[in-house]
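Peer 1: Take this structure, written in structure tokens, and hold onto it; I'll ask about it next.
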Amino acid sequence: MRAIKIIDSIVSNALLVIIVAMAAFAFYALWDSNQVLSAADKSNYESYKPTAENEGKTFKELQAINPEVIAWLEVYGTNIDYPVVQGEDNMKYVNTNAECAYSLSGAIFLDADNSVDFSDFNNILHGHHMEKNKMFGEIGDFSDERVFDSRRYGNLYYGERDHGIEFFAYVEADAYDGSVYSTGVSEEAREAYLMNLADKALNSRDVEVTGSDRIVLLSTCSTDSTNGRDILVGKITGEVFDDLFKVTEKRLAFAGLYDDAGEIYLRLMALALGLTALIIILAISKRKIRRRRN
């Protein structure tokens, strides 16, 4: 009987340690996930956004912090509203943000093989696919025809002025597909490049695009396959389009409440896990006290 009691005590204590460790890990995982998503929120860069009111002064302040900041990208009707950087290679900004600080969310960056002034025929922008519509997390949503049809325009600020983007295709491709991820496309090969994009497109619209135009590809990881990539393709234009998705102050306030609700949900989940662990601990302790009395 004494041996059984000793074994029972060891098992109970081991179980208690495991439960406490699991609860602590759950708390940390929720906290860490929230930190990563918070670091990727577009609101962190709002003060740097070039607008007609500040004439790009705050954007220049960001460039003073990080000279590799080259542009600002906005996709109307989404949360994609970020500065664009370009490094010497395509690895630096995978884990470095636009302020040149370490961050798992990285930054939106122009392919290292592209010209810094977006003068190439095809300009490739890379960004992480993240939850809660952070960074390029919404690119995959354009596989839905309704989303694609309702979100036609964007804006690309570079060279101290705005340029319009008219999106004409949503493509899914492999990360190692050289027919898509090739920069410096020759004039002779440009029509074939456009035809290849059209063949791979899941959604497209009738926009006149020729080899003399410049296009931009917004590329991110796909959730469906390891090497899969979701790509939103647009034509860079001299015409600047109005953002018809600009919302009222009431909607903005509601959006703020929605974001707060998401954070509250995470905290409640953590609290629920903690209470569950506490209940189990109390039950085990009560059981041990009863056995000792017996």
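Peer 1: Where residues in region 57-77 are among the aromatic types (Phe, Trp, Tyr) and in contact with a helix residue (DSSP H, G or I) (Cβ under 7 Å, 6 or more places away or on another chain), which of them is surrounded by the fewest Cβ atoms within 10 Å (Cβ to Cβ)?
Peer 2: If we take residues in region 57-77 being among the aromatic types (Phe, Trp, Tyr) and in contact with a helix residue (DSSP H, G or I) (Cβ under 7 Å, 6 or more places away or on another chain), then PHE59 is surrounded by the fewest Cβ atoms within 10 Å (Cβ to Cβ).
Peer 1: Pairs please, first residue from region 94-118 and more than 17 Å from LYS42 (Cβ to Cβ), second anywhere and in a loop (DSSP other than H, G, I, E, B) and not β-branched (Val, Ile, Thr), Cβ atoms under 6 Å, 6+ apart in sequence or on different chains.
Peer 2: VAL94/GLY106; ASN95/GLY106; CYS100/ASN66; LEU110/GLN86; ALA112/ASP89; ALA112/ASN90; ASN114/ASP120; VAL116/GLN86
Residue by residue, here is whether (1) without any contact (Cβ under 8 Å) to a residue 24 or more places away in the chain; (2) more than 24 Å from GLU145 (Cβ to Cβ); (3) crowded, with 18+ Cβ neighbours inside 10 Å holds:
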site: ASP174; (1), (2), (3): no, no, no
site: TYR181; (1), (2), (3): no, yes, yes
site: GLY184; (1), (2), (3): no, yes, no
site: GLU187; (1), (2), (3): no, yes, no
site: LEU194; (1), (2), (3): yes, no, yes
site: ASP199; (1), (2), (3): yes, no, no
site: SER204; (1), (2), (3): no, no, no
site: THR210; (1), (2), (3): yes, yes, no
site: ILE215; (1), (2), (3): no, no, yes
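Peer 1: Where residues in region 103-122 are touching a strand residue (DSSP E or B) at 6+ places or on another chain (Cβ under 7 Å) and modelled with pLDDT under 95, which of them is farthest from ASN66 (Cα to Cα)?
Peer 2: Only one residue fits best here, namely SER105.
Peer 1: If you check ARG146, ARG190, which single one turns out to be farther than 23 Å from ASN95 by Cβ, outside any loop (DSSP other than H, G, I, E, B), in contact with a Phe, Trp or Tyr (Cβ under 8 Å, 6 or more places away or on another chain) and of a type in the set (D, E, K, R)?
Peer 2: Numbers: ARG146 fails: in contact with a Phe, Trp or Tyr (Cβ under 8 Å, 6 or more places away or on another chain).
After ruling out the rest, the residue left standing is ARG190.
Peer 1: Let me ask another. Based on this model, can you work out whether ASP230 counts as within 19 Å of HIS129 (Cα to Cα) and either crowded, with 16+ Cβ neighbours inside 10 Å or at pLDDT 95 or above (or both)?
Peer 2: Numbers: within 19 Å of HIS129 (Cα to Cα): yes; either crowded, with 16+ Cβ neighbours inside 10 Å or at pLDDT 95 or above (or both): yes.
Yes: the conditions hold for ASP230.
The values are calculated or read from the model by the stated rules, or taken from the named source; none is laboratory data. Computed from a predicted model, the values in this text were never measured in an experiment. Note: ideal-geometry Cβ built from the backbone for every residue, glycine included; neighbour counts use all protein chains shown.
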